[in-house]
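Colleague: The structure is given below, and queries will be raised subsequently.
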Amino acid sequence: MIWSAPAERSDDGAFDRHEPTKHDQENCAVIQSGVTLRLPPHSKMDLNTHPHRRYNPLTREWVLVSPQRTERPWQGQIEAAPMQRLPEYDPNCYLCPGNERSGGARNPAYTHTFVFDNDFAALQSETPAEKYADGLLIAEGEPGICRVVCFSPRHDLTISAMKPADLRRVIDVWVEQFQALGELPTINSVQIFENRGAMMGASNPHPHCQIWAEQSLPNETLKEVNSQHDYRARHDSCLLCDYVATELLKEERMVCQNEDFVAMVPFWAVWPFETLVIGRRHTTGMDQLGESERDALAQLLKQLTSGYDKLFDTAFPYTMGFHQRPTDGQDHLEYHLHAHFYPPLLRSATVRKFMVGYEMLAMPQRDITPEQAAARLREVSDKL
C-alpha cells in the first residue's frame, strides 16, 4: 500500500507547496542533488549571516533561518528554575513500583521496565472505524491502543542518568511492543515517544515514555513515508542513507556518533537544539537491529541526552520519538529508522523558544543556525 496525500498545486501547476520549484533548485540558497547540498558558485549569500530558508526533504517543508537575530535582547517569559533533586522512590507517584495509579490499578513491584495500557488513553481499541462525511465536514473513527513504558523503578532517573545496560532493556521493550502492536490487524502505525520535563507537558517526572498505536498514519509519519517513497523512486536510493553520507563528509552538524548510529543537528532543524538520530545501516524499524546495534543505540542515547543536560547544566526538556515503517503488512523498503529530539530551550535553562505568530501562520523560524547549535552540543558531548 502506498499512502498518499492530495497534491497541492496552484491552478497552473507551476507552484508545488511540497517540492522546490525549478527556480529554487537552480538559484536558491540550498540545492539538493543526490547527496550534495551546496551553494551555487556565484552566490553572494552567507548562510551564517543572511536570512534564508532551508528545505526539509523529509516533510517537504521550509524553515526560515535568521542568524542576524541571535543578539537581540530578551524581555519575554522566563521559566521557573529546575526542580530540586528527586527521591529514588516517591510514595505519591502513580508510576513507582507498588503504588496505586490514578485509574485505581496498582503497579507490581517491578524491578526493571514495566508496560501497561494507559489509564486515560487518547485512543481506544473498541472505537468503530466508521466514516462521517457531510460536504466539507469529514470525520473518521480512529481505533487504537495507548501504552506507557516505565524505564526504571527508580523515580529519580532519566535516560541520561541510566546505565547503558538498563537502557538496552528499554530498547528491547520498544522492539517487543513495536512487533506485538504492529502485528494487530487494525494497527498500521506504532509511535514511540517521550516527553521529558514539565515544560514539555510531562505529567510525571518518573522516567517513562508512551506508545500510541493506531489504524491511520499520523500526519508527520505520512509526510515521511511519502517523501522517502518518492525519493527512492526517483534516485533508486534511500533519502536518509544519502543524507547521513552527506553529513559524515561535512561534519559541521554532527554531534556524536559510534559505529552504528549518528546524531546530528539536521540542516533543516526548527527547534534551537533539535537533533536527528539515524542508524548507519539501512533498517526500517527497531526490530531489524542486531544485538550490537541495540547496544550502540543505548550508548548514543545516553551520550546525546547527557550532552543536552550539560549544555545549560539542567535536566534538559525535550520531546523525543522514533519513526519506523508503517505496520500495514508492506515491506516499506524506502523507510529508514530514525529518531527526532525536539528540545525547546533557547538561551538558558529558563528561556525557551515559542512557536507563535509568523511560525503558526507562515513557516517555522529559528535564529541560531544549526551549525552553531551543533558546535555547542558537540563541545559538551566530547567532554563526557
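Any read-out appearing in this document is the output of simple, stated calculations on the displayed coordinates, not a laboratory observation. All values reported here derive from a predicted model rather than from experimental measurement. Neighbour counts are summed over all protein chains in view; Cβ atoms, including those assigned to glycine, are modelled from backbone coordinates with ideal geometry.
Colleague: What are the aspartates and glutamates whose alpha-carbon lies under 18 Å from the alpha-carbon of Lys302, with same-chain residues fewer than 8 places away excluded?
Modeller: Asp156, Asp166, Asp172, Glu194, Glu259, Asp260, Glu274, Glu291, Glu293, Asp313, Glu379, Asp382
Colleague: Mind listing which GluC sites (Glu not before Pro) in segment 88-173 are in a DSSP loop and have 15 or fewer other Cβ atoms within 10 Å? Don't jump to the answer; show the numbers that get you there.
Modeller: Values: sites: Glu88, Glu100, Glu126, Glu130, Glu140; in loops: Glu88, Glu126, Glu130.
For GluC sites (Glu not before Pro) across segment 88-173 that sit outside H, G, I, E and B with at most 15 neighbouring Cβ atoms in 10 Å, the list reads Glu88, Glu126, Glu130.
Colleague: Right, next: For segment 122-173, what size does the Cα cloud have along each of its three principal axes, sorted from largest down, in whole Å?
Modeller: That gives 54, 21, 18 Å along the principal axes, largest extent first.
Colleague: Can you check what the net charge comes to around Arg253, using other residues whose Cβ is under 14 Å from the Cβ of Arg253 (Lys, Arg +1; Asp, Glu -1)? Before the final figure, lay out the partial values.
Modeller: Working: positive: Arg54, Lys250, Arg366, Arg376, Arg378; negative: Glu247, Glu251, Glu252, Glu274, Glu371, Glu379.
Neighbourhood net charge equals -1.
Colleague: Taking a threshold of 26 Å on the Cα-Cα distance, which of the pairs Lys223/Lys353; Lys44/Lys353; Lys163/Lys383; Lys44/Lys310 fall above it? Before the final figure, lay out each step's value.
Modeller: Details: Lys223/Lys353 24 Å; Lys44/Lys353 30 Å; Lys163/Lys383 18 Å; Lys44/Lys310 37 Å.
Going by Cα-Cα distance, Lys44/Lys353; Lys44/Lys310 fall outside the 26 Å limit.
Colleague: Aspartates and glutamates within cross-link reach of Lys131: Cα-Cα under 16 Å, excluding same-chain residues under 8 positions apart?
Modeller: By straight Cα distance, Lys131 reaches Glu140, Glu142, Glu214.
Colleague: For segment 114-214, restrict the atom set to alpha-carbon positions and state the Rg and Dmax in Å.
Modeller: Reported Rg and Dmax, both Å: 16.2, 55.
Colleague: Another question, then. Once every DSSP H run of n ≥ 4 in the chain is given -39500 (n - 2.57) and the sum is divided by its residues, what mean residue ellipticity at 222 nm do you get, rounded to the nearest 500 deg cm²/dmol? Present the calculation step by step, with values, prior to reporting the outcome.
Modeller: Details: 7 runs with 92 residues, N = 384.
One gets -7500 deg cm²/dmol as the mean residue ellipticity at 222 nm.
Colleague: Also, quick follow-up: For the chain, what percent of Cα pairs sit more than 32 Å apart?
Modeller: Value for the chain: 37 percent of Cα pairs lie more than 32 Å apart.
Colleague: If you take the charge dipole of the chain about its Cα centre, with +1 on Lys and Arg Cβ and -1 on Asp and Glu Cβ, which of Met45, His208, Leu276 is farthest toward its positive end?
Modeller: Most positive-ward Cα: Met45.
Colleague: In units of 2.2 N^0.38 Å, what is the alpha-carbon radius of gyration of segment 230-339?
Modeller: Details: Rg = 14.5 Å, N = 110, 2.2 N^0.38 = 13.1 Å.
Ratio of Rg to 2.2 N^0.38 Å for segment 230-339: 1.10.
Colleague: Say a site is exposed when it is one of the chymotrypsin sites (Phe, Trp or Tyr not before Pro), sits in a DSSP loop, and has at most 12 other Cβ atoms within 10 Å; what is then the longest site-free stretch of the chain?
Modeller: On the way: sites that count: Phe15, Trp74, Phe120, Phe354.
The longest uninterrupted stretch comes out as 121-353.
Colleague: Let me ask something else. Rounded to two decimals, what is the ratio between the C-alpha radius of gyration of segment 182-236 and 2.2 N^0.38 Å?
Modeller: Details: Rg = 15.4 Å, N = 55, 2.2 N^0.38 = 10.1 Å.
My calculation over the Cα atoms of segment 182-236 gives 1.53.
Colleague: How would segment 163-287 be classified by its alpha-carbon gyration tensor: rounded, prolate or oblate, with rounded meaning a/c under 1.5 and the a/b versus b/c comparison settling the rest? Please report the intermediate quantities before stating the final value.
Modeller: Numbers: a/c = 1.56, a/b = 1.17, b/c = 1.33.
Oblate.
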